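So that we are looking at the same thing, I have put the structure below in structure tokens.
The values are calculated or read from the model by the stated rules, or taken from the named source; none is laboratory data. Please read these numbers as outputs of a predicted model, since none were measured by experiment. Cβ sites come from the backbone with ideal geometry, for glycine too, and all protein chains shown count toward neighbours.
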Amino acid sequence: MSTAAGSPLLHRRQLLWVLAAAGGLAGCATTQPETLELRTYHETLSSLLLSQDRQHLVVIGEHYHYIFDTPQALVAALASPLHARMEGELGRFTVSADGRTEGDYALTLPADLGDADRAQAVALGFQADPAQPGAWRLSGHVAGQRYLQGTVKANRARTTLNHPYTVEIQAEQPRSEQVAHALVTPVSTAANGVNLLYYVVLAPILVPFALISRERAK
């Protein structure tokens, strides 16, 4: 008498199960992440705002808003008595497929600082600027999120920089990305024209900023 272990039918079923499992594993192994495209676009920036609680740095662009967590070194520098003598630089931005945005900034101080001001600059993290002998530089990195402008009127939301700039931005995006999936800005404008991030007042950063790294002044 044949045992169950020797049954041809059982052997065929086991073979089918093995083949099905192998096919499933092969399918998982060959599934590749969605291809990302690297798109370069230009954004005209005309406002640089700081929330009243100093937690967020908001960059208003022609097409998007960019909201960053404010680095504490930048907050301390802007709150210092040296603020009036500072100039600023913004570098190129990069945007990942999920809207995560990163970029570099720098604050600079002139070479003619007195002893007390130099000591304060060093305490704030400024270092000797290798590109300008005698000058001082504080470099940093910001990270945050890119948002669609939504219903915010650009001409009401802008507080002008020393002049508008056009900066090059490199952005990753999936081939299937749709604008509908992007986040809409939390920036709004109150009836009195004051800019708000949620319910927190936004105020312009009173530092003359320039854009560096392939910037095109307009």
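Taking the options ALA73, ALA97, name whichever one is touching a Pro at 6+ places or on another chain (Cβ under 6 Å) and either surrounded by 13 or more Cβ atoms within 10 Å (Cβ to Cβ) or closer than 28 Å to ILE169 by Cβ (or both). Can you show your working first?
Working: ALA73 fails: touching a Pro at 6+ places or on another chain (Cβ under 6 Å).
Exactly one residue qualifies, and that residue is ALA97.
Conditions first: (1) among the hydroxyl-bearing types (Ser, Thr, Tyr); (2) buried (at least 16 other Cβ atoms within 10 Å of the Cβ); (3) at pLDDT 80 or above. TYR41 passes all but one, so which condition is the exception?
Evaluating TYR41 over (1) among the hydroxyl-bearing types (Ser, Thr, Tyr); (2) buried (at least 16 other Cβ atoms within 10 Å of the Cβ); (3) at pLDDT 80 or above leaves (2) as the failure.
I would also like to ask the following. Is it true that THR189 is under 18 Å from the mean Cα position of the chain (by Cα) and either modelled with pLDDT under 55 or not charged (D, E, K, R) (or both)? Lay out the reasoning, then the answer.
Details: under 18 Å from the mean Cα position of the chain (by Cα): no; either modelled with pLDDT under 55 or not charged (D, E, K, R) (or both): yes.
In short, no.
Let me ask you something else. Run down LEU113, LEU50 and say which single residue is crowded, with 16+ Cβ neighbours inside 10 Å and in a loop (DSSP other than H, G, I, E, B). First the steps, then the outcome.
Working: LEU50 fails: in a loop (DSSP other than H, G, I, E, B).
Answer to the check: LEU113.
Can I ask one more? Does segment 117-129 contain any residue that is farther than 27 Å from HIS42 by Cβ and part of a strand (DSSP E or B)? Full working, then the answer.
The initial filter retains those residues of segment 117-129 that are farther than 27 Å from HIS42 by Cβ, namely 117-129.
Among the residues that remain, those that are also part of a strand (DSSP E or B) are: 127-128.
Within segment 117-129 (the criterion being farther than 27 Å from HIS42 by Cβ and part of a strand (DSSP E or B)), the answer is yes, since at least one residue qualifies.
GLU62 versus (1) within 23 Å of SER188 (Cβ to Cβ); (2) in contact with a His (Cβ under 8 Å, 6 or more places away or on another chain): which is the lone unmet condition?
Exception for GLU62: condition (2).
Hey, any hits in segment 88-104 for a residue that's within 16 Å of ILE205 (Cβ to Cβ), modelled with pLDDT under 90 and hydrophobic (A, V, I, L, M, F, W, C)?
yes
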